[in-house]
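J.: Got a structure for you, questions after.
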Amino acid sequence: MTRPTVRLRPKAEARALRHGFPWVYADELVTDRRTQALAPGTLAVLEDAERRALGLVTVNVSSKIIARMLDRDPEAAIDEGWFAERLTRALALRERLFDQPFYRLVHAEADGLPGVVIDRFGEAAVIQPNAAWADAHLPELEAALVRVTGVTTVVKNGTGRARGLEGLAEETVVLRGGLSAPVPVPMNGATYMADLTGGQKTGLFYDQRPNHAFAARLGRGGSVLDVFTHVGGFALAALAGGAERALAVDASGPALALAEAGAKLAGLGDRFETRQADAFQALEALGAEGARFDLVICDPPAFAPAKPALEAGLRAYERLARLAAPLVAPGGYLVLCSCSHAADLSAFRNASARGIGRGGRRGQLIHTGFAGPDHPILPQLAESGYLKSLFFRLDG
C-alpha cells in the first residue's frame with residue numbers, strides 16, 4: 001500500500017523512538033505543506049532525518065503530539081485483525097489478574113493502542129477514542145472488541161479534555177446492544193453503580209482499586225470521610241471492610257444517588273451518609289462543626305492536568321490538605337490523591353506535606369499507592385503513570 005511519509009527534523013531524537021517512546025512532538029517533525037495537508041488521523045510512514053523508516057504513525061498536525069507510533073512495521077495493516085491481536089494480549093493480562101470481567105481492558109499507549117481507553121463492565125464495554133486515528137478506525141476496533149471479549153454492549157464515550165486537544169467533537173453513543181440501567185460492579189467487597197452513558201469518564205474509576213483496599217484496612221471499626229467520592233469510591237470499600245460509618249461528599253447529585261444505590265444493594269445503606277456540596281466548602285463547614293473522623297480521603301479531579309496549570313494545581317492540593325488534616329482524629333489517617341499528569345510524585349508529596357503542616361498537624365507517610373495493574377505503565381512514557389495516593393498517619 002502507498003502511504004504518505006513524514007520525516008523527523010535533523011535535531012529530533014530518533015533514538016528515543018527506536019527505544020520505545022511513542023510520541024513525536026510538533027517541533028520535531030518537518031511540517032511542510034504536504035504534511036500540513038494530511039487529515040487528522042492519517043496513517044503515515046515515519047522516517048528519521050536520514051530517511052530511514054522508524055515505523056507506522058498516525059498524524060494529527062493540529063495536535064502538540066503530532067504523531068503517535070502505531071507499529072514498528074511501516075507496512076502494517078491497521079484492520080480488525082490488527083486490533084484483535086492487541087486486544088487479545090491485553091485481555092490475557094486482565095484475565096490473569098481478575099476473577100471477574102470488571103477492569104480497564106486497554107490503557108492507551110501502554111497496551112499498544114495510543115489514545116484509546118477501554119473499560120469493561122461484565123457484558124458491556126466503554127471505548128474512549130481520545131485520538132483522531134482511533135475515532136476514524138472505531139468500526140474495526142469495535143468489531144475486534146466484540147470478537148475477542150464477547151461483550152454484547154459497546155458504548156463510545158467521546159468526551160473529555162483529550163478529545164478537545166485532538167480537535168474531536170464530544171459525543172456519547174451506544175454502538176451495540178443496549179443499556180436500561182446503571183451496571184452493578186463488584187469491587188473490594190462493595191458494589192458500585194456505573195452509569196456508562198451519563199457518568200464521569202467511562203462511568204467508574206478502576207484505577208483506585210488497590211488504594212481503596214489499602215484504605216479499607218485503615219478504616220476498620222472507625223468513621224470515614226470520603227471527599228470527591230464520585231459513586232462511592234473509598235467510602236463503600238471502607239464500609240465493606242468494616243468501617244462503622246462513612247460520610248461521602250461530592251458536588252454531583254446524580255453521582256451521590258448512584259453511591260447510595262450501591263450502598264443499599266450491598267446492604268451498607270444504614271451506615272452510609274452523603275452530602276452534596278463543593279468539596280472545599282464542605283471541608284470548611286465540617287471543620288467549623290468540630291467534626292472528626294478516623295479516616296479522611298480526598299480524591300479530587302486533576303488540579304494540574306497540564307504544565308500551565310501546575311502552580312495553581314499544587315496550591316489547590318496544599319489547600320485541600322490544610323483543610324482536611326484538622327478533621328482527622330488523633331492517630332487517624334489521611335489519604336490524599338492526585339491524578340494530575342503535570343504534578344509528579346515529589347511535587348505532590350511536598351504540597352501535601354506543606355498543607356498538613358499548615359493545618360496544624362504532623363504525620364508519617366506510611367504508604368504510597370499507584371494505579372492498579374490493569375493500568376500498566378509504559379516505562380518510556382512517564383505520563384502513563386499519573387495516579388498518586390499518599391497515606392499519612394497523623395499525630396495523636
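J.: Where does each of 389-396, 211-218, 224-231 land if you order them by average Cβ count within 10 Å, highest first?
T.: Ranked by mean Cβ neighbours within 10 Å, highest first: 224-231, 211-218, 389-396.
J.: Rounded, prolate or oblate: which fits the chain, taking a ≥ b ≥ c as square roots of the Cα gyration tensor eigenvalues, rounded meaning a/c under 1.5, else prolate when a/b beats b/c?
T.: The shape class here is prolate.
J.: I would also like to ask the following. Using a 1.4 angstrom probe, figure out how much accessible area the chain has per residue, in square angstrom, rounded to the nearest whole.
T.: The answer is 42 Å² per residue.
J.: Within 10 Å, at most 16 other Cβ atoms, and a DSSP state outside H, G, I, E, B define an exposed site. Report the longest part of the chain free of exposed GluC sites (Glu not before Pro).
T.: The reported range is 245-396.
J.: Stretch Ala312-Thr197 to full length: gain in nm at 0.36 nm per residue minus the Cα-Cα span?
T.: Difference between extended and current length: 38.3 nm.
J.: List, in the order given, every pair from Lys201/Lys388; Lys11/Lys307; Lys11/Lys388 whose Cα-Cα distance in the structure shown is over 26 Å.
T.: Lys11/Lys388
J.: How much length is gained on full extension from Leu175 to Arg292, taking 0.36 nm per residue of separation minus their Cα-Cα distance?
T.: On the way: separation 117, 0.36 × 117 = 42.12 nm, distance 4.68 nm.
Net length gain for the segment: 37.4 nm.
J.: Hey, another quick one. Using only the Cα atoms of segment 1-80, build the gyration tensor, take square roots of its eigenvalues as a ≥ b ≥ c, and label the shape rounded, prolate or oblate: rounded if a/c is under 1.5, else prolate if a/b is larger than b/c, else oblate.
T.: The shape class here is rounded.
J.: Give the calculated FRET efficiency between Arg393 and Asp278 to the nearest 0.05, with a Förster radius of 22 Å applied to their Cβ-Cβ distance. Don't skip to the answer; put the middle values down first.
T.: Working: r = 28 Å, r/R0 = 1.26.
Working from the Cβ atoms, E equals 0.20.
J.: Only helices at least 30 Å long along their axis, Cα-based, and averaging 0.5 or more on Kyte-Doolittle count here, so list those DSSP H runs from the chain. Mind dumping the intermediate values first?
T.: Numbers: long enough: none.
Passing helices, by number: none.
J.: Okay, next question. Would you calculate the separation in nanometres between label points at Arg96 and Glu75, each defined as 7 Å from the Cα along the Cα-to-beta-carbon direction?
T.: The modelled label-to-label distance comes out at 3.2 nm.
J.: What's the FRET efficiency of Thr2 with Ser252 using the Cβ-Cβ distance as r and R₀ = 51 Å, to the nearest 0.05?
T.: Details: r = 50 Å, r/R0 = 0.98.
After rounding, the FRET efficiency stands at 0.55.
J.: Taking a point 7 angstrom from the Cα of Ala26 along the C-beta vector, which residues in segment 270-310 have backbone N less than 17 Å away?
T.: The answer is 306-309.
J.: Here's a follow-up. Taking only DSSP H segments of four or more residues, each worth -39500 (n - 2.57), what value at 222 nm results for the chain once the sum is divided by all its residues, to the nearest 500 deg cm²/dmol? Numbers along the way, then the final one.
T.: Values: 12 runs with 120 residues, N = 396.
So the helix-based figure for the chain works out to -9000 deg cm²/dmol.
J.: Mind giving me the nanometre distance, one decimal, between the label points for Arg34 and Asn350, set 7 Å out from Cα along Cα→Cβ?
T.: Going from the Arg34 label point to the Asn350 one covers 4.7 nm.
J.: Direction-averaged shadow area of the convex hull around the Cα atoms of segment 67-169, nm²? The partial results should precede the final answer.
T.: Working: hull surface 25.5 nm².
Here the figure is 6.4 nm², rounded to one decimal.
J.: Oh, and also: Taking the highest mean first, how do the peptides 150-159, 33-42 order by number of other beta carbon atoms within 10 angstrom per residue?
T.: 150-159, 33-42
J.: Calculate what fraction, in whole %, of the accessible area of segment 55-152 sits on carbon and sulfur atoms when a 1.4 Å probe is rolled over the protein chains.
T.: After summing per-atom areas, the C and S share lands at 47 percent.
J.: Next question, about the same structure. Filter the trypsin sites (Lys or Arg not before Pro) in segment 279-366 to those in DSSP coil with at most 14 other Cβ atoms within 10 Å of their Cβ, and list the result.
T.: Listed in order of number, the matching sites are Arg362.
J.: Report the dimensions of segment 1-152 along its three principal axes from the alpha-carbon atoms, largest first, rounded to Å.
T.: Cα spread of segment 1-152 along its principal axes, largest to smallest: 50, 27, 27 Å.
J.: Antiparallel DSSP bridges in the chain: what percent, to the nearest 5?
T.: 65 percent
J.: Give me the extension gain from Arg52 to Leu381: residue separation times 0.36 nm, minus the current Cα-Cα distance, reported in nm with one decimal.
T.: Full-extension gain reported as 116.1 nm.
J.: Still on this model: Along the positive direction of the dipole of segment 206-281 (beta-carbon charges: Lys, Arg +1; Asp, Glu -1; about the Cα centre), which of Ala277, Ala243, Ala257 reaches farthest?
T.: Ala243
J.: Still on this structure, I have one more. Give me log10 I(q)/I(0) at q = 0.10, 0.18, 0.24 Å⁻¹ for segment 258-357, Debye formula, one equal scatterer per alpha-carbon, no solvent.
T.: These q points yield log10 I(q)/I(0) values of -0.32, -0.91, -1.22.
The values are calculated or read from the model by the stated rules, or taken from the named source; none is laboratory data. From a predicted model like this one, the values you see are computed outputs, not experimental measurements. We place every Cβ from the backbone using ideal geometry, glycine too, and count neighbours over all the protein chains shown. These area figures cover heavy atoms from the full protein model, side chains too; ligands, DNA and RNA do not enter into them. Shrake-Rupley method; radii C 1.70, N 1.55, O 1.52, S 1.80 Å.
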